[in-house]
1. Which members of the range 1-32 meet the condition of being of a type outside the set (D, E, K, R) and under 21 Å from Arg47 (Cα atoms)?
2. Among the residues of the range 83-101, is any modelled with pLDDT under 95, among the polar types (S, T, N, Q) and assigned to a loop (DSSP other than H, G, I, E, B)?
3. Just one of Ala8, Ala29 is closer than 18 Å to Val278 by Cα and at pLDDT below 95; which is it?
4. State which residue is surrounded by the fewest Cβ atoms within 10 Å (Cβ to Cβ) when the search covers only the range 260-277 and only residues that are within 21 Å of Gln208 (Cα to Cα) and more than 16 Å from the ligand (Cβ to nearest atom).
5. Here are some conditions: (1) basic (Lys, Arg); (2) surrounded by fewer than 16 Cβ atoms within 10 Å (Cβ to Cβ); (3) touching a strand residue (DSSP E or B) at 6+ places or on another chain (Cβ under 8 Å). Lys9 meets all but one. Which one does it not meet?
6. Is one or more of the residues making up the range 76-89 buried (at least 18 other Cβ atoms within 10 Å of the Cβ) and either among the hydroxyl-bearing types (Ser, Thr, Tyr) or farther than 28 Å from Gln275 by Cβ (or both)?
7. Have a look at Gly64, Gly41 and point out the one that is surrounded by 14 or more Cβ atoms within 10 Å (Cβ to Cβ) and within 15 Å of the chain's Cα centre (by Cα).
8. Go through Ala163, Ala141, Ala147 for me and flag whichever is touching a residue at least 40 places away in the same chain (Cβ under 8 Å) and surrounded by fewer than 24 Cβ atoms within 10 Å (Cβ to Cβ).
Amino acid sequence: MGQLVLAAKVTHVPSLMLSETNASPLRDARAAAVQSLRELGRRARVREVSTFVVFDTHWLSNFGYHINANARHRGSFTSPEAPHMIQDLRYDLPGDTALAEAIAAEADKASLKVLAHQVPTLGLEYGTIVPMHYLNPDGWAKVVSIASPLFTSLEESRTLGEATRRAIEKSGKNVAIIASGSLSHRLWPNKNLGPDAWTSIASEFNRQVDLRVLQLWQERRYREFIAMLPDYAVKCNGEAGMADTIMLFAALGWDSFDGEAEQLCDYFPSSGSGQINVEFHVNR
Ligand SMILES: [Fe+2]
C-alpha cells in the first residue's frame, strides 16, 4: 500500500526566487511565502515522502494529457515567457518512472488517454522547478511533473486527479501532491508592468473572490467550493483553467473531502494574480 501523505496548493511565481537575490526590494514581500514553501518541504521530509507529484499549470499542452516520466530531470531552464525573470536556472532532480507510468495506466482504465514520456530532452517547466527549489532542494525526493491541457474539460482533469490518487495508493510509497498554480490569474497589461505590479492585484473582483474561496476552505465548505469552481476558473481568469486545483481536489476526494485547510502564509498578489500556500490535511 502507498499513501498520499501531503497535499498542498502552492505558488510558483518567479518573484519568489528573484526575492532571494541580494538587496531585492521583494525580499520582505515574499518572505512568508518562501518560508512556508520550505515548511512544506520540511513536513514532506518528516513524512518520508519518496515522490512529489506536481500538477504544473506552466506546462501547457495543446494536445492532451502528458506526464514527464523521465528517470532523471536535469537541465538548465530559461523561461520562454519570462526570460528576464528566470534564466539559466539549473536543476537536477530524480524522477519516478514507475509512478508516472502507473498514473497514466490508471487514467487509461478510466478511459482517459494520458501519455507518460521518457524523453531526455523533455525538461521541466517553472511550475515544477520553482516549488521544488524550496520543497525538494538537492533532489532528496523524486519528482513527477504533470502537464495542464488547454483544450479539455473539468471532468477529464478530475479523472486524472482520481487516477493519480489510485496510482499512489497502489505504489507502496509515501507521496505528496503539489498543485502548482495561482488562485485568480488576471495579470497586469504591459503598460502597467512597473515595480508596483509585483505586489498589486489587477482585479478587485478577483481579490474578493479569492478571499471568499480561502474562507470557504478555512470553514471546510468544500462542497460549495466545488460547486463554484467551474465559474471561478472562468470568471477569475484561472491559470490553465485551474487544472491544478481540479486535479488536487479530485485526488483528495472531490466534494467529500473534509480535511483541514491550513493556510501557511498571507494571501499575496503577484503581477496582478492572487497567490497562496495552503496544506490540505489528509487522513493518514
Ligand atoms: Fe504561473
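1. Of the residues in the range 1-32, the ones of a type outside the set (D, E, K, R) are 1-8, 10-19, 21-26, 29, 31-32.
Answer for the range 1-32, where residues must be of a type outside the set (D, E, K, R) and under 21 Å from Arg47 (Cα atoms): Met1, Gly2, Gln3, Leu4, Val5, Leu6, Ala7, Ala8, Val10.
2. Start the filter on the range 83-101 by keeping residues that are modelled with pLDDT under 95, which leaves 83-90.
Filter once more, so that each one left must be among the polar types (S, T, N, Q): 87.
Restricting the remaining residues to those that are assigned to a loop (DSSP other than H, G, I, E, B) gives 87.
So far as the range 83-101 goes, yes, one or more of its residues are modelled with pLDDT under 95, among the polar types (S, T, N, Q) and assigned to a loop (DSSP other than H, G, I, E, B).
3. Working: Ala8 fails: at pLDDT below 95.
Ala29 is the lone residue from the list that is closer than 18 Å to Val278 by Cα and at pLDDT below 95.
4. The initial filter retains those residues of the range 260-277 that are within 21 Å of Gln208 (Cα to Cα), namely 261-277.
Next cut, more than 16 Å from the ligand (Cβ to nearest atom) only: 261-266.
Values: Ala261: 20, Glu262: 14, Gln263: 15, Leu264: 19, Cys265: 20, Asp266: 12.
Residue satisfying both the conditions and the ranking: Asp266.
5. The single condition Lys9 does not satisfy is (2).
6. Checked the range 76-89: no residue is buried (at least 18 other Cβ atoms within 10 Å of the Cβ) and either among the hydroxyl-bearing types (Ser, Thr, Tyr) or farther than 28 Å from Gln275 by Cβ (or both).
7. On the way: Gly64 fails: within 15 Å of the chain's Cα centre (by Cα).
Going through Gly64, Gly41 in turn, the sole match is Gly41.
8. On the way: Ala163 fails: surrounded by fewer than 24 Cβ atoms within 10 Å (Cβ to Cβ); Ala147 fails: surrounded by fewer than 24 Cβ atoms within 10 Å (Cβ to Cβ).
Every option except Ala141 fails the conditions.
The values are calculated or read from the model by the stated rules, or taken from the named source; none is laboratory data. The structure displayed is predicted, hence computed values, not measured ones. Neighbour counts run over all protein chains shown; Cβ positions are idealised from the backbone, glycine included.
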